[in-house]
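> Quick one: structure below, then a few questions.
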Amino acid sequence: MQVSDVLPPTMFAGKTVFVTGGGSGINLGVARNFAALGASLGICGRTAERLESARAELEGLGAKVSTSVADVRDYDALAAALETTRTELGPIDVLVCGAAGNFLAPAEAMSANGFKTVVEIDLIGSFNASRAAFEQLKETRGTILFISAPQGSVPHFAQAHCGAAKAGVDNLMRNLALEWGRYGIRSNGIVPGPIAGTEGMKRLGPQDDKANAEIQATIPLGTYGSVDDIGQAAVFLASPLASYVTGALLTVDGGAYLGGTRLMAHKIQSMLAQQKGRGDG
Ligand code: COA
Ligand code: NAP
């Protein structure tokens, strides 16, 4: 299913969407879904080749594209990228704060700089983008989407840096909803579950098929998500369908984090199935 099979392919015609970290993975998936509905796309990241390859993909969907090499930790570079996008595509209607960095590191083995680096990219980078885009968003009565993570609400082993950063992102999201609602700016977050084929899963997830199958069997909807699952949620939150939604975190995870006891739930299911097989269930 393509988003344009369900929604009008002109839904975001004349609108400009800017995605930090839009050159790859989930963020590029988000950009693609907006492009399929007629939006123009501004994307930034640190790697020119990655941005150029994303540009080709988005132009293939008919979008006008503006790319800027900018590190979200560098406020001036980000402000310049947003200004370039405005000049080339018009003022920004939707800002997606998606740039992030992560690696597995237990707290006792992580350097202070490792912790700081992730907080600077994820949290401070999200503030930098929001602050630098504020005047444009005020002009368009636009919307901000933060790409969060489950680590922001549920502690994960070897993820103290990401958990602290994304918890901060979630509260920044709510604070901006509170402060900027009076300008007509909405601010919401998306919490993706495990999304197949992404850099995040490559770095944090198991690499063998058996382990992946075991994990997927514990997810209520039975599978990892796709980048389009996140792109479609982003389109909804940025659309007029969500015009009264602000300060919300939309979890898109197939139920993976329900109750935090999915391993227990899975074991109970197996136990009940075994009992049934023995005729005592
Ligand atoms: N384990 C422990 N510490 C690590 C690490 C790892 N795997 N990778 C990096 N670090 C530490 C470094 O040792 C360094 O700390 P130090 O100066 O005390 O040694 C600190 O993190 C910064 O590393 P550096 O490589 O200089 O940072 P960077 O700014 O070039 O890159 C990262 C940022 C580290 C987050 C890098 O992994 C990255 O660019 N990630 C982007 C893509 C990504 O993570 N995608 C998944 C999103 S979910
Ligand atoms: P990804 O492809 O590595 O996406 C991260 C993007 O951010 C890259 O394009 C990267 O490009 C860019 N980036 C990194 N540091 C940057 C910086 N300092 N300045 C500007 N851009 C920077 O990884 P992903 O897995 O798709 O993750 C995307 C988002 O989803 C992240 O916010 C992540 O936390 C979230 N998420 C992912 C999962 C998952 O299953 N993958 C689950 C939950 C949440 P450059 O390196 O070229 O700069």
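> Polar (S, T, N, Q), open to solvent by less than 30 Å² (accessible area, probe 1.4 Å) and in contact with an Asp or Glu (Cβ under 7 Å, 6 or more places away or on another chain), is that true of SER148?
Here the answer is yes, as SER148 does meet what is asked.
> Moving on. So in region 115-130, with the set limited to residues that are farther than 20 Å from LYS202 by Cα and of a type in the set (Val, Ile, Thr), which one is surrounded by the fewest Cβ atoms within 10 Å (Cβ to Cβ)?
The qualifying residue surrounded by the fewest Cβ atoms within 10 Å (Cβ to Cβ) is ILE124.
> Can you name the residue in region 21-39 that is farther than 16 Å from GLY200 by Cα and either touching a His at 6+ places or on another chain (Cβ under 6 Å) or open to solvent by 20 Å² or more (accessible area, probe 1.4 Å) (or both) and is also nearest to ligand 2 (Cβ to nearest atom) among such residues?
Checking each candidate, the answer is ARG32.
> Moving on to the next point. Return the pair list, or none, for Cβ contacts closer than 6 Å from residues in region 215-229 that are more than 14 Å from VAL191 (Cα to Cα) to residues that are more than 13 Å from ligand 2 (Cβ to nearest atom) and open to solvent by less than 40 Å² (accessible area, probe 1.4 Å), at least 6 apart or on different chains.
If the second residue must be more than 13 Å from ligand 2 (Cβ to nearest atom) and open to solvent by less than 40 Å² (accessible area, probe 1.4 Å), the pairs left are PRO220/GLY255; LEU221/GLY255.
> Same structure, new question: In region 92-114, how many are exposed (fewer than 15 other Cβ atoms within 10 Å of the Cβ) and either under 30 Å from PHE34 (Cβ atoms) or free of Cβ contacts under 8 Å to residues at least 12 places away in the same chain (or both)?
Going through region 92-114 one residue at a time, the tally reaches 6.
> Among the numbered criteria (1) more than 15 Å from ligand 2 (Cβ to nearest atom); (2) within 18 Å of ALA31 (Cα to Cα); (3) open to solvent by less than 60 Å² (accessible area, probe 1.4 Å), which one does GLN136 miss?
(2)
The values are calculated or read from the model by the stated rules, or taken from the named source; none is laboratory data. Remember, it's a predicted structure, so these values are computed and weren't measured experimentally. With ideal geometry, Cβ positions are generated from the backbone for all residues, glycine too; neighbour counts draw on all protein chains shown. Note: accessible area is taken over every heavy atom of the protein model, side chains too, but ligands, DNA and RNA are not part of it. Shrake-Rupley method; radii C 1.70, N 1.55, O 1.52, S 1.80 Å.
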